[in-house]
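Visitor: One structure coming up, written as structure tokens, with questions to follow.
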Amino acid sequence: MAANYNNSAWFYDRLSRLVYGRAPINAQVYLLQFVPANASVLIVGGGTGWILDELTRIHPSGLRIAYVEVAADMMALSKKRNIGGNEVVFINDAIENVETRDFAVVITPFLFDNFTEETTGKVFIHIHKSLKTNGIWLITDFQLTGKWWQNILLRSMFLFFRTLCGIESSSLPDVEKQFEFHGYKIIEEHTFYGDFIKSSVYKSA
Ligand SMILES: C[S@@+](CC[C@H](N)C(=O)[O-])C[C@H]1O[C@@H](n2cnc3c(N)ncnc32)[C@H](O)[C@@H]1O
């Protein structure tokens, strides 16, 4: 069953802030410095869209952005964001159903931790084909580094979002394996919230 984040749209940001403070925001804002001026940018699973406000703070204009979000309620909130003079095309669909090509940058913030290994493989290939050679892939996701509380938080999140939004996964997929397999090079990496959140910058070959 595909995830449906509509049920959580109205409280998602508040809940995230309550549990993780500013860590998920800092983790994504950290990545935005790697977006060059006037770039074409594909954002997948942007949630309520606050990342558009942050991107506009750094690049008030000049970006061409495709914003792909499957949950209609998340999309409705995203459309209210400040995009300044940037050009944004909002696409309310699953990325697998959207023809996207030749982007200089793709951003997937907490997208893959929703997916099983199988879906991860499919979605990864689809997004990979959307990125130019020498393109930049900015990714933030949860990771387990052996701290006991990480497992507890992760399990609670899976249980909560499986019950409410029907997410299909119950463990984190191995996205690093996908980057390696498709020949990506890691450029920068930074962790947040006691290493539980990792933001990485990859370059495509
Ligand atoms: C865990 S939330 C993260 C939201 C946001 N990036 C944030 O950090 O607050 C994942 C988001 O990805 C969206 N999503 C899940 N699968 C998707 C897909 N196949 N295509 C596009 N969006 C998807 C969900 O609707 C949800 O808004």
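Results for (1) buried (at least 16 other Cβ atoms within 10 Å of the Cβ); (2) under 24 Å from Asn7 (Cβ atoms); (3) within 16 Å of the ligand (Cβ to nearest atom), shown as yes or no for each residue.
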site	(1), (2), (3)
Glu99	no, no, yes
Ala104	yes, no, no
Phe115	yes, yes, yes
Ser130	yes, no, yes
Asn134	no, no, no
Asp141	yes, yes, yes
Ser156	no, yes, yes
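Visitor: Identify the residue in segment 1-16 that is of a type outside the set (A, V, I, L, M, F, W, C) and more than 10 Å from the ligand (Cβ to nearest atom) and, among all such residues, is modelled with the highest pLDDT.
Guide: Arg14
Visitor: Give the residue that is surrounded by the most Cβ atoms within 10 Å (Cβ to Cβ), with candidates limited to residues of segment 9-64 that are small (Gly, Ala, Ser) and assigned to a strand (DSSP E or B).
Guide: First pass over segment 9-64, keeping only residues small (Gly, Ala, Ser): 9, 16, 21, 23, 27, 37, 39-40, 45-47, 49, 61-62.
Within this subset, residues satisfying the condition of being assigned to a strand (DSSP E or B) are 40, 61-62.
Details: Ser40: 20, Ser61: 12, Gly62: 13.
Filtering first and then ranking leaves Ser40.
Visitor: In segment 23-46, what residues are within 12 Å of the ligand (Cβ to nearest atom) and either more than 15 Å from Val201 (Cα to Cα) or of a type in the set (Asp, Glu) (or both)?
Guide: Filtering segment 23-46 down to residues within 12 Å of the ligand (Cβ to nearest atom) leaves 23-29, 31, 42-46.
Within segment 23-46, Ala23, Pro24, Ile25, Val44, Gly45, Gly46 qualify.
Visitor: Report, ordered by the first and then the second residue, all pairs with beta carbons closer than 7 Å, sequence separation of six or more or different chains, a first member in segment 88-108 that is at pLDDT below 95, and a second member that is within 14 Å of the ligand (Cβ to nearest atom).
Guide: From segment 88-108, the pairs are Thr100/Leu42; Thr100/Ala66; Thr100/Ser130; Arg101/Ser130.
Visitor: So, Val70, is that one out of contact with any Cys (no Cβ under 6 Å at 6 or more places or on another chain) and part of a strand (DSSP E or B) or not?
Guide: Values: out of contact with any Cys (no Cβ under 6 Å at 6 or more places or on another chain): yes; part of a strand (DSSP E or B): no.
Here the answer is no, as Val70 does not meet what is asked.
Visitor: Okay, next question. Going by the conditions given, is Gly121 under 13 Å from the mean Cα position of the chain (by Cα) and within 23 Å of Ser200 (Cα to Cα)? Talk me through it step by step, then tell me what you get.
Guide: Details: under 13 Å from the mean Cα position of the chain (by Cα): no; within 23 Å of Ser200 (Cα to Cα): yes.
So Gly121 does not fit the description; no.
Visitor: Moving on to the next point. Which of the residues that make up segment 132-185 are β-branched (Val, Ile, Thr), in contact with a Phe, Trp or Tyr (Cβ under 9 Å, 6 or more places away or on another chain) and at pLDDT 95 or above? Full working, then the answer.
Guide: So the first thing to find is which residues in segment 132-185 are β-branched (Val, Ile, Thr), and the list is 133, 136, 139-140, 145, 152, 163, 167, 175.
Pick out the ones that are also in contact with a Phe, Trp or Tyr (Cβ under 9 Å, 6 or more places away or on another chain) and you get 136, 139-140, 145, 167, 175.
Ile136, Ile139, Thr140, Thr145, Val175 - these are the residues of segment 132-185 that are β-branched (Val, Ile, Thr), in contact with a Phe, Trp or Tyr (Cβ under 9 Å, 6 or more places away or on another chain) and at pLDDT 95 or above.
Visitor: Considering (1) within 19 Å of Tyr202 (Cα to Cα); (2) more than 16 Å from the ligand (Cβ to nearest atom); (3) small (Gly, Ala, Ser), say which one Gly84 fails and leave the rest.
Guide: (1)
Visitor: Among the residues of segment 87-97 satisfying the criterion of being assigned to a strand (DSSP E or B) and buried (at least 16 other Cβ atoms within 10 Å of the Cβ), which is farthest from the ligand (Cβ to nearest atom)? Spell out how you get there, then give the answer.
Guide: Initial filter on segment 87-97 (assigned to a strand (DSSP E or B)): 87-91.
Going one step further and asking which of them are buried (at least 16 other Cβ atoms within 10 Å of the Cβ), we end up with 88, 90-91.
Details: Val88: 15, Phe90: 12, Ile91: 9 Å.
Once the filter is applied, the top-ranked residue is Val88.
The values are calculated or read from the model by the stated rules, or taken from the named source; none is laboratory data. Predicted model, so just to flag it, every value in this text is computed and none were measured. Positions of Cβ are generated from backbone atoms using ideal geometry, with glycine treated the same way; all protein chains shown enter the neighbour counts.
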